[in-house]
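Only the coordinates and a few stated rules stand behind these numbers; no lab work does. Since we're looking at a predicted model, the values are computed, not measured. All Cβ positions, even for glycine, are placed from backbone atoms using ideal geometry, and neighbour counts span all protein chains on display.
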Amino acid sequence: MKIEESIETYIHIRKTTLTEEKLKVTTDYNKDFNENGFLKLDEPLFWQLLSSNFTRDFYIDQVHKPRHYGIESAPIFGNFLEPFTKTHWFMVPLIWGPVVLYNFIVSLREISIILAITLFSIGVFVWTLIEYCMHRYLFHLDDSVPETRLFFVLHFLLHGIHHYLPMDKYRLVMPPALFSILCYPFYLLTFAIFPRYWAHAGFAGGLFGYVCYDVTHYFLHHKKMPSFMRKVKKYHLEHHYKNFQLGFGVTSSFWDRVFGTYLDPKTIPYARSKRTT
């Protein structure tokens with residue numbers, strides 16, 4: 001694949017129609033570093049960020065300028081930890097699908113199939129709100145991130161790397177260990193509020209919503225979508241390449257419309273200021 005200047009390319013992408021080819025243009029590592037002074041893509045990113053002296057404004061600006069490493073994944077640690085930073089998309093349904101099925105089957109021991117399906121559906125709907133809130137208020141703390149390199153690293157590992165390298169297919173779905181940590185409080189809350197078998201059905205629905213979300217997220221970035229999903233794909237990619245401060249819904253724009261963060265096709269692209277380190 002021809003290597004072109006990534007920053008100029010992505011500025012062009014923000015102003016024009018997104019296409020599959022444009023998303024896969026490989027960044028010229030050296031030119032990108034010389035022009036922006038951020039991270040060297042061909043060296044471990046974690047250690048560079050941990051030893052950096054970036055300001056928060058500079059870090060947030062740069063981490064939301066999409067780059068593309070190429071076919072493989074950019075190194076994060078550059079050592080034995082590297083395999084633990086990558087997750088294949090199919091691990092999500094493979095690991096969590098049986099958990100969904102188990103909880104739903106358990107719920108049927110004490111409640112009717114109609115009630116179980118109703119609670120399951122409510123769980124899916126509640127997930128869409130959780131999806132929106134986590135994406136907006138946790139993953140996109142952005143300007144509220146404390147101005148220290150340690151918090152830059154945490155922000156980068158949690159979600160920043162996905163905006164920095166949005167086409168990295170091994171750093172797109174949530175690692176099972178991280179999801180377990182984020183999911184556990186919701187699990188406890190569900191079983192604390194509802195009767196046990198109601199909770200099993202509702203939790204199964206919420207977890208199923210998550211599985212659908214993460215698989216959909218992967219497909220939006222890496223697969224050609226059927227006609228009825230193309231609008232969803234365009235909406236999410238504009239969150240990456242047009243304005244990261246809007247468009248937090250991934251599987252739908254419903255909650256963006258409710259909370260006033262809808263990314264309208266006519267929205268002016270995010271204006272970048274000239275920031276320094």
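Here are the numbers:
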| read-out | value |
| --- | --- |
| Given charges at Cβ of Lys, Arg, Asp, Glu: the chain dipole, positive-most of 128, 29, 75 | 128 |
| Whole-angstrom gap from region 36-65 to region 183-224, using each part's C-alpha centre | 33 |
| Assigned charges on the beta-carbon of Lys, Arg, Asp, Glu; region 206-268 dipole about Cα centre (debye) | 300 |
| Residue of 205, 123, 37 that the Gaussian network model of the chain assigns the largest fluctuation, springs spanning Cα pairs under 10 Å | 37 |
| Cα gyration tensor, the chain - rounded (a/c under 1.5), prolate or oblate | prolate |
| Likely footprinting exposure, 230, 67, 56, 149, fewest C-beta neighbours within 10 Å first | 230, 149, 56, 67 |
| Span-like helix ranges in the chain, DSSP H, alpha carbon extent 24 angstrom or more, Kyte mean at least 1.0 | 91-107, 113-133, 176-193 |
| Three-way shape label, region 121-173, alpha-carbon gyration tensor, a/c 1.5 | oblate |
| Sequence of 196, 136 once ranked by neighbouring C-beta atoms within 10 Å, starting from the fewest | 196, 136 |
| Exposure proxy order (Cβ contacts within 10 Å, fewest to most) of 134, 167 | 134, 167 |
| Potential lengthening between residue 144 and residue 99 on full extension [0.36 nm per residue; Cα-Cα distance subtracted] | 12.7 nm |
| Three-way shape label, region 64-107, alpha-carbon gyration tensor, a/c 1.5 | prolate |
| Paramagnetic label zone (point 7 Å from Cα along Cα-to-C-beta, residue 40; backbone N under 16 Å) in region 47-65 | 47-53 |
| Cα-centre dipole for the chain with unit charges at Cβ (Lys and Arg positive, Asp and Glu negative), debye to 20 | 600 |
